[in-house]
Amino acid sequence: MAKTIATVRAIAVSAMVLVSSLSPSNSYAAPQPGCEGRSLIAELSLKRPAGVASLLENARQAENSQAILWRIERHGISPSYVLGTLHIAHPSLQELSPAVTSAITASRVVALEQEQLSRGAYGHVMAQAGKLMSARDKPLQRMLDDSELRVVEKAIAAAGYPEDLALGVRPWVATLFLAAGCPNVTHEPMDLIVANFAKSQGKKIVGLETLLEQFETLASIPDEAQAAWLRSSIEMNDRADDVTATMLELYKGRQISASLDLMRELAPNAGLTDARMQDIRHGLITARNVRMAERGLPLFETGGAFVAVGATHLPGADGLISILKSSGFSVTPVE
């Protein structure tokens, strides 16, 4: 997990995927000596073997789940590409594959979830987003017990803020603080690696969303779902590096759509009901798919675009690849 809205590492297995693009200053945290995690899938499989096996198999069979790099084509225009990234910094993700670098080199424009990945950009948006983040009715004091509230206070203090800030923020903000990444960051997240390579090739870089829009999306999740999401990150607070390792296994195994469901398995006491999971899924993934598709379609229609977004935005009937198919494009898995 990590602490920033430019790239939060994984908050609970689901937030790892999307919110990873939404957090403050240590978002590029990477495993350091003593901080290596281990995947929790084997542990979960021992506790509930049939359920977890079904969950993983469904993710493997999900529509458009077999690849993270796709070629997007339409007669008469240059091919474009879509890459599903993982918003964490990890040693095994520090090099782009030859297929990815070739696709970027051949493209005229590169689109990321957001154009500005810097801490400076985050600070600018913070000044605009205060009303989305703050709450006068002390919601965390109402929603959490004393021990849970103490976990949040410690995370806020570790980030360099007064711990009583916890009494004045909404649950989604507290969730972003629950990131205990290791110090002495030396690695970069995939999105930044893509951006840096694109810049080295002289490519134009654009964003499909703004940081403020991402804040607004998180703030729009109903409070009850926000609270359950926060409790899940509190429940997994001591196993942040294990959550990262779990996310990495899902990504490499092309089972990324299982991340939200595994969040509930990892935090069974958080109150993640079906309705709350649906609200979280809509806010983190589905609603953003629509927005990113609307802004990406003109790029694909012109051709020669390379689009990199979180991998959970690609699979499923409401994923970006399905949206592109329904828009008349031919899609081909590359790797």
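Look through the stretch 128-145, keep the residues that are of a type outside the set (A, V, I, L, M, F, W, C) and either farther than 20 Å from Ala225 by Cα or in contact (Cβ under 8 Å) with a residue 24 or more places away in the chain (or both), and return whichever of them is surrounded by the most Cβ atoms within 10 Å (Cβ to Cβ). This residue is Pro139. Could you tell me whether Thr332 is among the hydroxyl-bearing types (Ser, Thr, Tyr), surrounded by 21 or more Cβ atoms within 10 Å (Cβ to Cβ) and in contact with a strand residue (DSSP E or B) (Cβ under 8 Å, 6 or more places away or on another chain)? Here the answer is no, as Thr332 does not meet what is asked. Of everything listed in (1) part of a helix (DSSP H, G or I); (2) at pLDDT below 75; (3) in contact with a helix residue (DSSP H, G or I) (Cβ under 9 Å, 6 or more places away or on another chain), the single unmet condition for Asn58 is (2).
Remark: Thr217 matches the filter, which requires a residue to be among the β-branched types (Val, Ile, Thr) and within 30 Å of Ser80 (Cα to Cα).
Just checking, how many residues over the stretch 63-93 are buried (at least 18 other Cβ atoms within 10 Å of the Cβ), closer than 17 Å to Ala111 by Cβ and among the hydrophobic types (A, V, I, L, M, F, W, C)? Here the count works out to 6. In the set Leu218, Leu250, Leu178, Leu192, only one residue is buried (at least 17 other Cβ atoms within 10 Å of the Cβ) and modelled with pLDDT under 90; that residue is Leu178.
Matching residues to (1) assigned to a loop (DSSP other than H, G, I, E, B); (2) in contact with a Leu (Cβ under 8 Å, 6 or more places away or on another chain):
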residue: Ser54; (1), (2): no, no
residue: Arg71; (1), (2): no, no
residue: Ile77; (1), (2): yes, no
residue: Tyr81; (1), (2): no, yes
residue: Gly84; (1), (2): no, yes
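The values are calculated or read from the model by the stated rules, or taken from the named source; none is laboratory data. Here the structure is a predicted model, which is why all the values come from computation and not from measurement. A quick note on method: Cβ atoms are made from the backbone with ideal geometry, for glycine too, and the neighbour counts reach across all protein chains shown.
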